[in-house]
Amino acid sequence: MPLNESQVTNGVSKWTRWWVGQRKIKLREQLSETMTINPLMLPVIFELHALKTFDELAELFIAGHLMVGHNTGFGKLIDEKVLPEVFGTVKLDAKYRKGNRPINESCFDEIDHVVPRGTDVPDLLSLKASKWTIQLTMAVQLNASFNEILSNYGNRYGKIIVGVFYGKKEGLTDKYDILRGINRGKRHNVTDLTGRVMVYSGREFWSWLNGGETRTQDWVLDGILKGVKEDNSWGECGKLLSDFKSEIKKKFSGHMQKDGSIDWHSLLKSISG
């Protein structure tokens, strides 16, 4: 039975608040020591973004540095918390794989979740973040792995779903066709699996996950918004970011010249010797 609106929004809200807390921890740890700065690229970035001061450059790099973590962390939020804890999937983490056959076989490496369907035959889910996640080599490998699963263990599972949790299906690259065994141009060594391997993206993915309820995607967003609203420590984030910026500025303040410009050679020497 599909989850209702309250179950989805409350569950997603809970884990959104948890994830925000995790991101704040990263800010408190002052991540300047983990930030890698390319001194050869910096002069180009400075001009490309029409920056005037080192303050602006610091803000740009802090945002870029944190966005990498935000993107990775949000993917884990969906994969490791929202899907198993809210929608009841079975996350195939290392511990689970170790003691369960045939899940521990290599052909299941790109399967992320077992999705119960109220029958003895669950579906399998390979979760992807966006249309760019799969390249050609991976698409061909996925086709081979999925074919091995269906050939050897097809009676244990229903369908294999490749799920992209945001974006429209028509915007996906042809790699998502190739993994199903569809050749539209150059022919690749793939097997036609279109009968049992499906690709769902965006609204269609969340609808499939929640038993056909087409509003699920909207409820997930409502849960995120609810979690953001209920978190009462956003003022702390502003201070943490300000402290982070000060840490970065302090680290490189010795490379500022009297006229306010940056001594690029001095900065290069401090980073690369």
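Quick note: the coordinates plus some simple rules give every number you see, no bench work behind them. Note that the coordinates shown come from a computational prediction; the quantities given were computed from them, not determined experimentally. A quick note on method: Cβ atoms are made from the backbone with ideal geometry, for glycine too, and the neighbour counts reach across all protein chains shown.
So, by mean Cβ neighbours within 10 angstrom, what's the order for 126-136, 180-190, 18-28 with the highest one leading?
On the way: 126-136: 17.5, 180-190: 12.7, 18-28: 14.7.
By packing density, highest mean first, the sequence is 126-136, 18-28, 180-190.
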Non-local residues with an amide H under 5 Å from the amide H of Gly211, with H modelled 1.01 Å from N and Pro and chain starts lacking one, are none
Could you go through region 163-178 in sequence order and give the Karplus-derived ³J(HN,Hα) for each residue, using 6.51 cos²θ - 1.76 cosθ + 1.60 with θ = phi - 60°, rounded to whole Hz, and x for Gly and Pro? x, 10, 7, 8, x, 8, 4, 5, x, 6, 6, 5, 5, 6, 7, 4
Along the charge dipole of the chain, which of Trp19, Asn147, Leu268 sits closest to the positive end, that is, farthest toward it, with unit charges on the beta carbon of Lys, Arg, Asp and Glu (+1, +1, -1, -1)? Asn147
Magnitude of the charge dipole, the chain, Cβ model with Lys/Arg +1 and Asp/Glu -1, debye to 20: 220
Step through the residues of region 219-236 one at a time and calculate ³J(HN,Hα) from phi using the Karplus curve (6.51 cos²θ - 1.76 cosθ + 1.60, θ = phi - 60°), rounding each to whole Hz and writing x for Gly and Pro. 5, 4, 4, 4, x, 5, 5, 5, x, 5, 5, 7, 6, 9, 10, 5, x, 5
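Which order do the peptides 226-238, 112-124 take when ranked by the mean count of other beta-carbon atoms within 10 Å per residue, highest first? Before the final figure, lay out each step's value.
Details: 226-238: 12.6, 112-124: 16.5.
With the highest mean Cβ count within 10 Å placed first, the list reads 112-124, 226-238.
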What are the ³J(HN,Hα) values, in whole Hz, obtained from phi via the Karplus relation 6.51 cos²θ - 1.76 cosθ + 1.60 with θ = phi - 60°, for each residue of region 106-120 in sequence order, with x given for Gly and Pro? 4, 5, 9, 4, 9, 8, 9, 9, 9, 10, x, 10, x, 10, 7
With the dipole of region 182-224 worked out from charges on the C-beta (+1 for Lys and Arg, -1 for Asp and Glu) around the Cα centre, which of Phe205, Thr191, Thr216 lies farthest toward the positive end? Thr191
Restricting the count to DSSP beta bridges whose residues both fall in the chain, what percent are antiparallel, rounded to a multiple of 5? 40
Helix axis angle, 136-153 relative to the chain longest principal axis, alpha carbon, degrees: 30
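Report the charge-dipole magnitude of region 90-230 in Debye, nearest 20, computed about the Cα centre from +1 at each Lys and Arg Cβ and -1 at each Asp and Glu Cβ.
140
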If packing is taken as the average count of other Cβ atoms within 10 Å, what order do 94-106, 166-178 fall into, highest mean first? 166-178, 94-106
Can you classify region 90-230 as rounded, prolate or oblate using the Cα gyration tensor, where a ≥ b ≥ c are the square roots of its eigenvalues, rounded means a/c under 1.5, and otherwise it's prolate if a/b beats b/c and oblate if not? oblate
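Based on DSSP H runs of at least 4 residues, each adding -39500 (n - 2.57), what is the mean residue ellipticity at 222 nm of the chain after dividing by all its residues, to the nearest 500 deg cm²/dmol?
Values: 10 runs with 131 residues, N = 273.
Rounded to the nearest 500, the figure is -15000 deg cm²/dmol.
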Ser126 long-range amide H proximity, modeled H, under 5 Å: Asp112, Ile161, Val162, Gly163
